[in-house]
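The values are calculated or read from the model by the stated rules, or taken from the named source; none is laboratory data. Just so you know, these numbers come straight off a predicted model, no measurement behind them. So basically every Cβ, Gly included, is an ideal-geometry build from the backbone, and we count neighbours across all protein chains shown.
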Amino acid sequence: MKDCRVVKLCGKKHFVYDGSEIFPAFPAGRFELKSEGLKNRLAVGDLVKVRIEKGKDPLIVEILKRKNKLSRKMSFSNKEHIIAANIDEVGIVVAPDPILKRNTVDRFVVACKSASIESFLIINKTDILTKRDIEKFLTPYKEIGFKIFLVSALKKEGFDQLSSHIKDKWTLLIGHSGVGKSSIANILCPDANFEIGEVDEATLKGKHKTTSSTAVKLPQGGFLIDTAGLREFGLYNITQREIQSCFKNIDELSLKCKFSNCTHRNEKGCAVLEAISKGTIDLEEYNSYLTLIREANDTPKG
C-alpha cells in the first residue's frame, strides 16, 4: 500500500504522485458509484491509499481526511463540484480581457474564506491596463491586506515574486475562462505545456482549453494546480454571514443595524442602506454583495 496524492483526474484512469514519481491508478469501484448531491468523489490534491499488486493496475482504495476543499455549485444540477482539496493557497486570476469585474473576484474570495483557504490576487494582462485602472480596481483589496501580484503573461513580466511566493506550496489557480491561467502556469512551470485558450470577441467569454484540474510539479518545489476554465462559479453551501464578512465596510456598518440578521436589502433601520443613501459607501462593493447574498443558503428570498 502506498501513500499518494492525486494530481490529475482523467476519466476512470487518474494519476497520482508518491513523492518520487507520477503514475496512473484506477479508483476502486465504490468511488465510481453515483452520489446524490456530489459530482466527484475524488479531487486533485486528495491524499489517497493506493494498492499495488503485481500484474494488476494500481488501485485507489481509500481517501484520507481532507484539511480543506474548494467547491462550487453546478449550475444545472446544483451538485457540489470539488475543484481541489488539501490546498495551501488559491491564486485568483483576473484580467481586463475578457472583463475586469469586482464581483468576479469577490465570488472567489468568499468561496476561499468559507473553505478556510488563504487566497491572493494575480492581475494578468497588465500591459493593456493603465496604472490608474489598476489602482482603482485594487484599492478595496489592498485595504483588507490582500497579497497582489501584477503580471503580463504576454511579456513574461512580474513572475519572479509570484514564483517565490508559491515555492514549496500546493497552489490552485482559479479564474474565469480567458484570463490566462494556463499561460501563467506555463511560465511558472515551463514543462507543463497547457493548451492556451482565447477570448470570444462576440461574448467576451474565454474559450477554455484546460478540461480538468491538473497539478504540475514546480521546478522550485511544490505543485501548481491549473483548473478548467470556469464560465460559472456558483457558491456552494455559503451563509450570509460568511459572505458579509468579506465586505469590510458593509460588515462594520452592520453592527449599527436595527436587526442582527439584517440582509441590508430592504429592512428598516439598516445602517448600510442609510450609508448608500448618503453616498458614504462604495456602490460597487454593495452591488457585488447583493449579487452574492442571493446565493446564501440561509438568506430569505425577496
For this session: Give me the pairs, please: first residue somewhere in the stretch 147-162 and within 19 Å of Gly178 (Cβ to Cβ), second residue anywhere and of a type in the set (Lys, Arg) and not in a strand (DSSP E or B), beta-carbon distance under 9 Å, and either six or more positions apart or on two chains.
Result: Val151/Lys125; Ser152/Lys125; Ala153/Lys125; Leu154/Lys125
Seminar exercise, completed: Among residues of the stretch 68-89 being small (Gly, Ala, Ser) and more than 18 Å from Leu172 (Cα to Cα), the residue surrounded by the fewest Cβ atoms within 10 Å (Cβ to Cβ) is Ser77
Exercise. Which ones in the stretch 223-257 are in a loop (DSSP other than H, G, I, E, B), surrounded by 19 or more Cβ atoms within 10 Å (Cβ to Cβ) and free of Cβ contacts under 8 Å to residues at least 24 places away in the same chain?
Worked result: Cys257
Exercise. What number goes with the only condition from (1) in contact (Cβ under 8 Å) with a residue 24 or more places away in the chain; (2) in contact with a helix residue (DSSP H, G or I) (Cβ under 7 Å, 6 or more places away or on another chain) that Arg41 does not pass?
Worked result: (1)
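To keep it simple, each residue is scored yes or no on (1) within 21 Å of Lys217 (Cβ to Cβ); (2) at pLDDT 95 or above; (3) in contact with an Asp or Glu (Cβ under 7 Å, 6 or more places away or on another chain).
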{"site": "Thr130", "(1), (2), (3)": "no, no, no"}
{"site": "Ile134", "(1), (2), (3)": "no, no, no"}
{"site": "Glu143", "(1), (2), (3)": "no, no, no"}
{"site": "Ile148", "(1), (2), (3)": "no, yes, no"}
{"site": "Phe159", "(1), (2), (3)": "yes, yes, no"}
{"site": "Ser163", "(1), (2), (3)": "yes, yes, no"}
{"site": "Asp168", "(1), (2), (3)": "yes, yes, no"}
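Checking the condition among the hydrophobic types (A, V, I, L, M, F, W, C), within 18 Å of the chain's Cα centre (by Cα) and crowded, with 16+ Cβ neighbours inside 10 Å, which residue from Val16, Val7 passes?
Just one listed residue meets the conditions, Val7.
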Problem set entry | Residues located in the stretch 287-302, provided they are under 20 Å from Tyr141 (Cβ atoms) and in contact with a helix residue (DSSP H, G or I) (Cβ under 6 Å, 6 or more places away or on another chain) | Ser288, Tyr289, Thr291, Leu292, Ile293
For this session: Please enumerate the residues belonging to the stretch 101-136 that are without any contact (Cβ under 8 Å) to a residue 24 or more places away in the chain and under 19 Å from the mean Cα position of the chain (by Cα).
Result: Lys101
Exercise. Got a sec? Which strands (runs of 3 or more DSSP E) wholly within the stretch 9-119 have at least 3 residues that are modelled with pLDDT of 90 or more and of a type outside the set (Phe, Trp, Tyr)?
Worked result: 22-27, 47-51, 59-63, 69-73, 80-85, 89-94
